[in-house]
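The values are calculated or read from the model by the stated rules, or taken from the named source; none is laboratory data. A quick note: this is a predicted structure, and the numbers were derived from the prediction, not measured. Using ideal geometry, Cβ is built from the backbone for each residue, glycine included, and neighbour counts are taken over all protein chains shown. Accessible surface areas use protein heavy atoms only, side chains included; no ligands, DNA or RNA. Shrake-Rupley method; radii C 1.70, N 1.55, O 1.52, S 1.80 Å.
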Amino acid sequence: MAIATPGSAPADAPAVLSAPARARRLRGSRRAAGAPGAGSRGAGRGIVQRLTPWLFLSGAVGLLLLFTYWPAVNLFYFSVTDWDGIDLTKNFVGLDNYVQVFTDPRIFSVFGVSLYYFAASFAQMAIALYFAVILSFSTRFSSLFRGILFFPYLINGVAIGFVFLYLFQPGGTLDTVLGWFGLADPPQWLGDPDVVNWSLAGTSVWRYTGLNFVLFLGAIQSIPRELYEAAELDGANKWQQFWSIIAPGIRRIIGLSFILAIAGSLSVFEVPFIMTGGANGSSTFVIQTLQTAFSFRQVGLASAMAVVLLTIVLVVTWIQRRVFPDEKVDLT
């Protein structure tokens, strides 16, 4: 016969559960028995979990539809009307606006100005690639030079336009510096139709070189260092390392920069609008579109011009992607 010590339960007595343990056992027995409402609550939580990602996406998608796709739909609608931007009535004119865009030399010929910016974009990419290759390796004050190169891209385009407006004005900073080197009769940088577009394109080079520099620098630094070490062991010099390692490794970024160069050269607006207002043959297609819509009150024609510009950018980008496909780079 077992003798129980004081304060303890007999050996054959049932185990006594604590209050939390009893509550858990009770809930488990209810779920096992199929208590009313348990299945509906579980199904409700499952529905909420499935809908939660869509609820988070709905805000962003709604803003995208409201401020991007809906204005694009209205743009196509306005392009087939003769709306002046004020009257409530909009008369349907079909493709007349598009015919005028391609037949009026005053409208379509301004695409020639984009060639200056397109040529300048290659100089911009070459300068950015040169400094990105140099500063991607151990160089003294590399962080300082990186900040100097990227800083112009952080400045507002309007501020850049005013700064270079004073730089290029007659008797301004550029003329003064050139006078120190004996150039007494500099050209009219913004007044001469033969020089103005080169001056504006040079301003764009100064502004956007930092963007391409950061893209190239990030791509170069993502290349494994072991490849450079192996190339040095094989006796490859820096030029051979560039063509065998760096150039293939940043092929995608070069393609991206090319797309940005095409789109940017076709849609230049801020710098020429601030500095010249499109005068002296410096009007770009975007400036021409803006003047057509708000100065001449031909919103329908301006909408057709915008649709044409969008189509050209998309077609050129598609051709570029077909010629230079986005293939995976394997340096091994």
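Structure notes:
- The phi-based Karplus calculation (6.51 cos²θ - 1.76 cosθ + 1.60; θ = phi - 60°) puts the 3J(HN,Hα) values of region 157-167 at x, 5, 4, 4, x, 5, 4, 6, 5, 6, 5 Hz, whole numbers, x for Gly and Pro.
- Look at where the Cα atoms of region 150-173 and of region 176-201 average out, and the two centres are 15 Å apart.
- The residues of region 186-297 present an accessible area of 48 Å² per residue when probed at 1.4 Å with all protein chains retained.
- For T81, nonlocal amide neighbours, meaning residues 5 or more places apart or on other chains whose placed amide H falls under 5 Å from its own, are V93.
- In sequence order, region 144-151 has phi-based couplings of 5, 5, 5, x, 5, 5, 8, 4 Hz under the Karplus curve 6.51 cos²θ - 1.76 cosθ + 1.60, θ = phi - 60°, and Gly or Pro positions carry x.
- What the phi angles of region 128-137 give under the Karplus curve with 6.51, -1.76 and 1.60, with θ = phi - 60°, is a coupling list of 5, 5, 4, 6, 5, 5, 5, 7, 7, 9 Hz, glycine and proline written as x.
- Two-site FRET efficiency, V158 against E229, from Cβ-Cβ distance with R₀ of 45 Å, rounded to 0.05: 0.40
- Chymotrypsin sites (Phe, Trp or Tyr not before Pro) restricted to region 57-119 and DSSP loop, no more than 14 other C-beta within 10 Å: none
- Accessible carbon and sulfur surface of region 105-323 relative to its total accessible area, %, 1.4 Å: 68 percent
- Three principal axis extents of region 105-323 based on alpha-carbon atoms, in descending order, are 66, 50, 26 Å.
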